[in-house]
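Right, one structure below, let's go through it.
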Amino acid sequence: MQSVLHLAIAGVLGAAIATAATAQAPQDQGQPPSAVANPAEAFVKHQDTDGDGKVSQAEAVAPQAVRFKEADTDGDGFVSVEELRQSFMAQIPPEAQQKLKDRGLPDPAETILKRLDKSGDGKVDLEEFEQPTVEGFKHMDADGDGFATADEANTFFGQVQERIRQMHEQRQKEAPQQKEAPQQKEQQPAQ
């Protein structure tokens, strides 16, 4: 359940940050989206295609179909691990990719495929691709009326930010322990 929540958060947060990033004025380019725009405001502004001041689940999910089509480079209706890898590499700066490799983190495309591929067929269809956004939207829509208001989006993104901060702190605490563990094994005398 917790990994579904993380994936759901990532889906909606990714959509919001992507819309915030594409909406920046030229003078704002080069800065992270969080530094130049409120993700909740950007989410509502750019996802509210009917102009009613709130975002429906269909409006929240719509950009995922576009992203899926872009990732499905062979047009077979599925996204493979290689297509995910190409899409990921096109969106992440080379220096960030190198940092991921240097830290020994697993291949992001393989990780994403494993989490999205609910059918277990080794590829992702549109419904599987959209699922994190659907789940994230359900968490954002606090009153369950089928719409996310600016206040709900703001609360949701605040919770996401707090969860990310907690995860970062946890990783910081674990990092020294992970480094010490191999050293302790080396220092123990052989028996």
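Each value in this text was obtained by applying a stated rule to the coordinates, not by laboratory testing. Please read all numbers here as calculations on a predicted model, not as lab measurements. Every residue, glycine as well, gets a Cβ built from its backbone with ideal geometry; the counts of neighbours run over all protein chains shown.
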Exercise for review: Using θ = phi - 60° and the Karplus relation 6.51 cos²θ - 1.76 cosθ + 1.60, list the HN-Hα couplings for segment 111-122 in order, rounded to whole Hz, with x at every Gly or Pro.
Suggested key: 5, 4, 4, 4, 6, 8, 6, 6, 7, x, 8, x
Exercise for review: Taking amide H positions as placed in the peptide plane 1.01 Å from N, state which residues far from Ser56 in sequence (5 or more) or on other chains have amide H under 5 Å from it.
Suggested key: Ala148
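Charges at C-beta only: +1 for Lys and Arg, -1 for Asp and Glu. How large is the resulting dipole of segment 117-163 about its Cα centre, in Debye rounded to 20?
Numbers: 4 positive and 13 negative charges, 37 e Å.
That gives segment 117-163 a dipole magnitude of about 180 debye.
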